[in-house]
1. Inside the range 55-66, can you point out the residues that are of a type in the set (Val, Ile, Thr) and surrounded by 15 or more Cβ atoms within 10 Å (Cβ to Cβ)?
2. Quick one: Asp75 ticks every box in (1) part of a helix (DSSP H, G or I); (2) near the ligand (Cβ under 8 Å from one of its atoms); (3) crowded, with 20+ Cβ neighbours inside 10 Å bar one, so which box is it?
3. May I ask you to say which residue of Leu52, Leu43 is more than 10 Å from the ligand (Cβ to nearest atom), in contact with a strand residue (DSSP E or B) (Cβ under 9 Å, 6 or more places away or on another chain), at pLDDT 90 or above and not polar (S, T, N, Q)?
Amino acid sequence: MKLISGWETDLSKRTEILAVHKVKLREFLEKLELWDSLQKGELKCEVCRITLTIDNIGLIIPLGTKIGICCTEMDCLLKMKQMKENKT
Ligand SMILES: [Zn+2]
């Protein structure tokens, strides 16, 4: 659960981290049983509803009991951050 622990305020840094850990990201998604959905194009950005691929996942965070995923758009990243803060 390394990818979702803590919130990096520097979003560009976070994107870099995700890029470096793309292999880890796959493992991570497999663990969450989201990898298959991603491959089938069934995963959507929580904010703008764009179809997510391994290349445009910006953030994965726990939102209450479910997992919130959004794309790399700055607007979406910021909205997800707000959603997360509202839940906690
Ligand atoms: Zn989005």
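The values are calculated or read from the model by the stated rules, or taken from the named source; none is laboratory data. Just so we're clear, the structure is a prediction, and the values are computed from it rather than from any experiment. A quick note on method: Cβ atoms are made from the backbone with ideal geometry, for glycine too, and the neighbour counts reach across all protein chains shown.
1. Within the range 55-66, Ile57, Ile60, Ile61 meet the criteria.
2. (3)
3. Leu43 is the lone residue from the list that is more than 10 Å from the ligand (Cβ to nearest atom), in contact with a strand residue (DSSP E or B) (Cβ under 9 Å, 6 or more places away or on another chain), at pLDDT 90 or above and not polar (S, T, N, Q).
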